[in-house]
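What follows is a single structure, written as structure tokens, with notes after it.
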Amino acid sequence: MKKIFLTAIAAASLCFLSACSDDESEPTLEELCAAGLNEDCLVGTWNLNGIETMDGSQVWHNYGTAPSTLVITDDGKFEFTFTTSNVSEMASSGCGGTKTYGSWEILGASLKIKIGRSDCLITGQSYTLTPTLSVTNLNLNKVVFHENDMTDALTKANSTENFVRVMQ
């Protein structure tokens, strides 16, 4: 009798606990990115196919055949790999294929990027950006990683690095 009573209590407890289980599914990437700049949307692998004007009407440097790659991880770090395209002056001067490491953090609506170890960029340089972020695009609204490819100050000021998410 005692075994039946304990079995009944155990069964009732399981039924009660399963009734309280979380049936909600995980939010989709679209839902996460709809919230604006946030870690869940930002983390991932992004390709830079070129430097373009702010309005997207003109591409100054097209790296489409060998894009630069930005990998943003959830531990506040990033890895940037320079294009090997000969369209890039930085690539032709020895930066092609090299990696730059650094850190990132979200500060309200801003993204702070700090260059860590790099052979081709100024180590310790920080950028506070107001990027435009969606499921498929990360537009820094500034030229950061390929800054040395832009020799004309006015062109540089009106250009951006617009990354495309690598879907996995």
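No value in this document is a laboratory result; all are computed from the given coordinates. Everything numeric in this text was worked out from a predicted model, so none of it was measured. Using ideal geometry, Cβ is built from the backbone for each residue, glycine included, and neighbour counts are taken over all protein chains shown.
The table below gives the values:
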{"read-out": "Nearest-20 debye value, the chain charge dipole, Cβ charges on Lys, Arg, Asp, Glu", "value": "500 debye"}
{"read-out": "Top positive-direction residue, dipole computed over segment 28-165 with Cβ charges, set Thr83, Gly50, Gly116", "value": "Gly116"}
{"read-out": "Acute angle (nearest 10 degrees) that the helix 2-19 long axis makes with the longest principal axis of the chain, alpha-carbon atoms", "value": "30 degrees"}
{"read-out": "Between segment 65-142 and segment 36-53, the alpha-carbon center distance in angstrom", "value": "10 Å"}
{"read-out": "Estimated FRET transfer efficiency (Asp74, Ala34; beta-carbon r; R0 25 Å; 0.05)", "value": "0.85"}
{"read-out": "Order by protection proxy (mean Cβ within 10 Å, highest first), peptides 54-62, 94-102", "value": "94-102, 54-62"}
